[in-house]
Amino acid sequence: MTPAATPEQPWKTLYAAAEQAVAHELWVDAEELLSQVLQLAPEHASAHHLLGKTLEQQDELVAALAAQQRSCALDPALGWNWFAAGELLLELERPAEAAEAFDQALAALPA
């Protein structure tokens, strides 16, 4: 659960709304909310990951991959970002890079 927003961190309210938009498959709304989150908190790795998932649902695979790769760079231990990047790399027919991403995912998520 996302903590309540404070005046110093208004992005938390936006991120919670973005999570709800994703849960309801409101991809355009989610993209807009996540863009606002990232304007306020540009190094929020989970927001980049969620943006990547949102862009993928809109068939914007190259932009989705860029978001996932940014998430991986910001938080290499997250794991799901590496897995999502690997899936996108496979869709973009880049199997060698996909294998590397899956290796990183496995290291972060051994189970």
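Just from its helices, what would the mean residue ellipticity at 222 nm be for the chain, if runs of 4 or more DSSP H residues each count -39500 (n - 2.57) and the sum is divided by every residue, rounded to the nearest 500 deg cm²/dmol? Could the numbers behind the result be given before it?
Values: 6 runs with 80 residues, N = 111.
Calculated mean residue ellipticity at 222 nm is -23000 deg cm²/dmol.
For 34, 78, 26, give me the order by solvent-accessible area with a 1.4 Å probe, most accessible first, ignoring ligands, DNA and RNA. Please report the intermediate quantities before stating the final value.
On the way: 34 0, 78 50, 26 85 Å².
Heavy-atom accessible area, descending, gives 26, 78, 34.
What does the charge dipole of the chain about its Cα centre add up to, to the nearest 20 debye, if the Cβ of each Lys and Arg holds +1 and the Cβ of each Asp and Glu holds -1?
Values: 4 positive and 17 negative charges, 67 e Å.
Computed charge dipole of the chain: roughly 320 debye.
Mind giving me the nanometre distance, one decimal, between the label points for residue 61 and residue 20, set 7 Å out from Cα along Cα→Cβ?
For residue 61 paired with residue 20, the spin-label model returns 3.4 nm.
Give the relative contact order (percent, whole number) for the chain; include only Cα pairs under 8 Å separated by 6+ residues. Write out the running numbers ahead of the final one.
Details: 142 pairs, mean separation 18.1, N = 111.
Reported as a whole number, the value is 16 percent.
What would the Debye formula give as log10 I(q)/I(0) at q = 0.17 Å⁻¹ for the alpha-carbon point model of the chain, no solvent?
Log10 of I(q)/I(0), two decimals: -0.77.
Report the dimensions of region 21-78 along its three principal axes from the alpha-carbon atoms, largest first, rounded to Å.
On the principal axes, region 21-78 reaches 27, 23, 17 Å in Cα extent.
The values are calculated or read from the model by the stated rules, or taken from the named source; none is laboratory data. Just so you know, these numbers come straight off a predicted model, no measurement behind them. Cβ atoms come from the backbone with ideal geometry, glycine included; neighbour counts cover every protein chain shown. For accessibility, only protein heavy atoms count, side chains too; no ligands or nucleic acids. Shrake-Rupley method; radii C 1.70, N 1.55, O 1.52, S 1.80 Å.
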